[in-house]
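Chemist: Can you read through this structure? Questions will come right after.
The values are calculated or read from the model by the stated rules, or taken from the named source; none is laboratory data. The model shown is predicted, which means the values in this text are computed figures rather than measured ones. Note that we place each Cβ from the backbone using ideal geometry, even for glycine, and neighbour counts take in every protein chain shown. Ligands, DNA and RNA are excluded from the accessible area calculation, which covers all protein heavy atoms including side chains. Shrake-Rupley method; radii C 1.70, N 1.55, O 1.52, S 1.80 Å.
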Amino acid sequence: MLFRSPHADPTRFRRLHVIAGDANMSQVATWLKVGSTALVLACIEDNVLPEWLVIADPVTEVRRVSHDPSLGHAVTLVDGRTISALDMQREIHASVSGWLARTEDDCVGGEGSAILREWGRVIDGLETDPMTMTDTVDWVAKRRILDGYAERHGMAPMDPRLRAIDLQYHDMRQEKCLAVRAGLRTMVDDSDATMAVSVPPDSTRAYFRGRCVATWPDRIVSANWDGIVVDTPDGLMRIPMMDPSKGSRAHMQTLLDEACSMDDVLAALSGGVERMEPDPGW
C-alpha cells in the first residue's frame with residue numbers, strides 16, 4: 001500500500017493506492033478483496049485491530065506467502081512471534097466481525113455481513129482443503145488447470161508450456177482466456193459488464209465526466225480523474241473536479257440535460273472554469 005497523489009484536492013484528500021492482487025480474474029475474489037480491504041481500513045481508523053498483529057518485514061512476507069501453496073509459511077511479527085497467514089486472516093476477520101456488530105455504517109454499502117461470510121468461507125476452505133475453493137480463489141483455480149495439464153502430458157513443473165498456460169489464464173480475450181473456462185463463480189453478467197464500459201456510475205464525478213465525453217467528444221482535449229480540458233475558440237479551458245463527491249447525477253443531470261452544447265456547460269460553470277496554456281504534447 002502506498003500513499004499517492006489524491007486525484008482530488010490535496011488539502012482535503014489522500015489516496016491509499018493498494019497494488020497487491022491486481023491480476024484477479026475471479027469476480028468473487030475481486031469483490032472480497034475490495035470489500036475486506038475497506039472494512040479493515042475502517043477498523044484501522046477506529047483502532048480496533050490487535051496491536052500485536054504487525055509484520056516485521058511486510059514486503060518480504062507477502063512474497064513468501066504468495067509463493068507457498070502449502071499455506072504453512074510462518075510470518076514473523078515485530079514482537080518475534082510467528083503466525084500463519086490463515087491464522088492472521090482469522091484474527092483480522094474476528095476483529096472486523098466485532099467492529100461490524102457495533103457500527104451503524106459498514107462503509108461498503110450494506111454488504112459488510114455478506115463480505116464477512118464469504119471471507120470466513122474462504123478461510124475455512126483454504127485451511128481444510130484448498131481445492132474446494134476452485135470456484136472462488138484464482139490461484140487454486142489456476143493450479144487445478146496447471147496440475148491437470150501437467151499430469152495428462154507428463155510435464156515437469158517448470159515446463160515452458162505450463163508458463164504459457166499460467167499467462168493464458170489471464171488473457172482478456174474471451175476465446176483465449178482460461179479463467180473463463182475455470183468454473184469461477186460470477187456476480188456480474190456480461191451485459192452489465194459491457195454496459196459499464198460506456199455508462200459510468202452516477203453517484204460520483206464519473207457521471208459528469210462520462211456524460212461530457214460521450215456527448216461532446218470533439219470538444220474534449222483530455223479527461224482525467226480531477227479535471228476535463230475543453231477546446232474553445234478562446235483557447236483551452238479546464239473544468240476542475242477536485243471533490244470526488246461532486247459531479248454525480250444528483251448534482252449535474254439537470255444542467256447536462258438542458259445544455260445544448262459544451263459551451264452551455266462552460267457558461268453554467270464559468271465561476272469554476274480555469275484558462276489553460278496549451279501543452280505541446282496535445
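Chemist: Taking the conditions exactly as written (at pLDDT 95 or above, open to solvent by 80 Å² or more (accessible area, probe 1.4 Å) and farther than 23 Å from Val34 by Cα), does Asp234 satisfy them or not?
Modeler: no
Chemist: Sticking with this structure for a sec: Please work out which residue is surrounded by the most Cβ atoms within 10 Å (Cβ to Cβ), limiting yourself to region 101-123 and to residues that are out of contact with any helix residue (DSSP H, G or I) (no Cβ under 9 Å at 6 or more places or on another chain) and charged (D, E, K, R).
Modeler: Per the criteria, the residue is Arg117.
Chemist: Can you tell me which of Arg209, Arg185, Arg173 is part of a helix (DSSP H, G or I) and among the basic types (Lys, Arg)?
Modeler: Exactly one of Arg209, Arg185, Arg173 is part of a helix (DSSP H, G or I) and among the basic types (Lys, Arg), namely Arg209.
Chemist: Give the residues of region 140-155 that are assigned to a loop (DSSP other than H, G, I, E, B) and open to solvent by less than 60 Å² (accessible area, probe 1.4 Å), sorted by residue number.
Modeler: Of everything in region 140-155, just one residue is assigned to a loop (DSSP other than H, G, I, E, B) and open to solvent by less than 60 Å² (accessible area, probe 1.4 Å), namely Met155.
Chemist: I would also like to ask the following. Count, please, the residues in region 167-195 that happen to be open to solvent by 60 Å² or more (accessible area, probe 1.4 Å) and under 23 Å from Met131 (Cβ atoms).
Modeler: Final tally of qualifying residues: 7.
Chemist: Right, next: Could you please find all residues in region 52-73 being open to solvent by 50 Å² or more (accessible area, probe 1.4 Å) and not in a helix (DSSP H, G or I)?
Modeler: Across region 52-73, the qualifying residues are Trp52, Val54, Ala56, Asp57, His67, Pro69, Ser70, Gly72.
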